[in-house]
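Chemist: Input: one structure, supplied below.
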Amino acid sequence: VAPGPAASAAAAETARGSPTLAAETAAARKMAGLLRGRTIPDASLLFMRQTWLRVLALAYDAGGEQGPAWREALGTLEDLVWSVEAKADAAARARLRGLIPDLLRRLDAGMVYASIAADERRAVRDALLAQHRELLQEPGK
């Protein structure tokens with residue numbers, strides 16, 4: 001019998017290990033700079049500071065700030081931050097509508113990379129979709 005998803009996730013976690021202190025520090029510093037002065041919903045902020053910080057730190061350990069994993073994780077964070085901020089006009093809402101499918105795919109891939117359980121990944125996706133639905137509504141409607 002082949003191991004199930006939980007066993008595979010546990011094996012990946014063991015193989016990948018925990019991020020180094022240097023990676024956690026670099027990820028936290030980069031995230032703090034990106035979030036400074038931004039208005040982010042609490043649920044998204046919590047996800048970023050807990051789950052996505054781990055993704056960033058693991059990506060840093062995989063190749064530093066010049067590595068492809070770091071660049072992908074950071075780009076995803078930048079898109080996520082923009083995606084949960086208020087949208088003032090139709091052009092921004094149209095951009096968000098086009099961004100959502102790829103953003104969700106990249107978030108899921110990052111969470112898989114960090115060995116986040118499927119039920120937690122699903123909860124994140126559902127919460128983010130709810131936030132995006134609200135942001136896609138025209139103001140005053």
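Chemist: Is there any pair with a first residue in segment 38-51 that is open to solvent by 100 Å² or more (accessible area, probe 1.4 Å) and a second that is charged (D, E, K, R) whose Cβ atoms are under 7 Å apart and which are 6 or more apart or on different chains, and what are they?
Modeler: Thr39/Glu85
Chemist: Suppose we filter Ala109, Ala57 for residues that are open to solvent by less than 60 Å² (accessible area, probe 1.4 Å), touching a Pro at 6+ places or on another chain (Cβ under 9 Å) and outside any loop (DSSP other than H, G, I, E, B); which single one remains?
Modeler: Ala57
Chemist: Does segment 121-141 hold any residues that are outside any loop (DSSP other than H, G, I, E, B) and either among the small types (Gly, Ala, Ser) or in contact (Cβ under 8 Å) with a residue 60 or more places away in the chain (or both), and which are they?
Modeler: Ala123, Val124, Ala127, Leu128, Ala130, Gln131
Chemist: Please go through segment 69-102 and pick out each residue that is open to solvent by 70 Å² or more (accessible area, probe 1.4 Å), within 16 Å of Leu128 (Cβ to Cβ) and of a type in the set (Asp, Glu).
Modeler: Residue satisfying the conditions is Glu78 alone.
Chemist: Looking only at segment 87-99, decide whether some residue is touching a Leu at 6+ places or on another chain (Cβ under 8 Å), outside any helix (DSSP H, G or I) and not small (Gly, Ala, Ser).
Modeler: Yes, the conditions are met somewhere in segment 87-99.
Chemist: Quick check on Asp89: is it over 28 Å from Pro68 (Cβ atoms) and modelled with pLDDT of 95 or more?
Modeler: no
Chemist: List pairs: first residue in segment 82-93 and farther than 19 Å from Leu35 by Cβ, second residue small (Gly, Ala, Ser) and in a loop (DSSP other than H, G, I, E, B) anywhere in the structure, Cβ distance under 7 angstrom, at least six positions apart or on different chains.
Modeler: Going by the 7 Å Cβ cut-off, there are no qualifying pairs.
Chemist: For segment 18-32, which positions are free of Cβ contacts under 8 Å to residues at least 40 places away in the same chain and open to solvent by 40 Å² or more (accessible area, probe 1.4 Å)?
Modeler: Ser18, Leu21, Ala22, Glu24, Thr25, Ala28, Arg29, Ala32
The values are calculated or read from the model by the stated rules, or taken from the named source; none is laboratory data. What you are looking at is a predicted structure, and each value in this text was computed from that prediction instead of being measured. Positions of Cβ are generated from backbone atoms using ideal geometry, with glycine treated the same way; all protein chains shown enter the neighbour counts. Note: accessible area is taken over every heavy atom of the protein model, side chains too, but ligands, DNA and RNA are not part of it. Shrake-Rupley method; radii C 1.70, N 1.55, O 1.52, S 1.80 Å.
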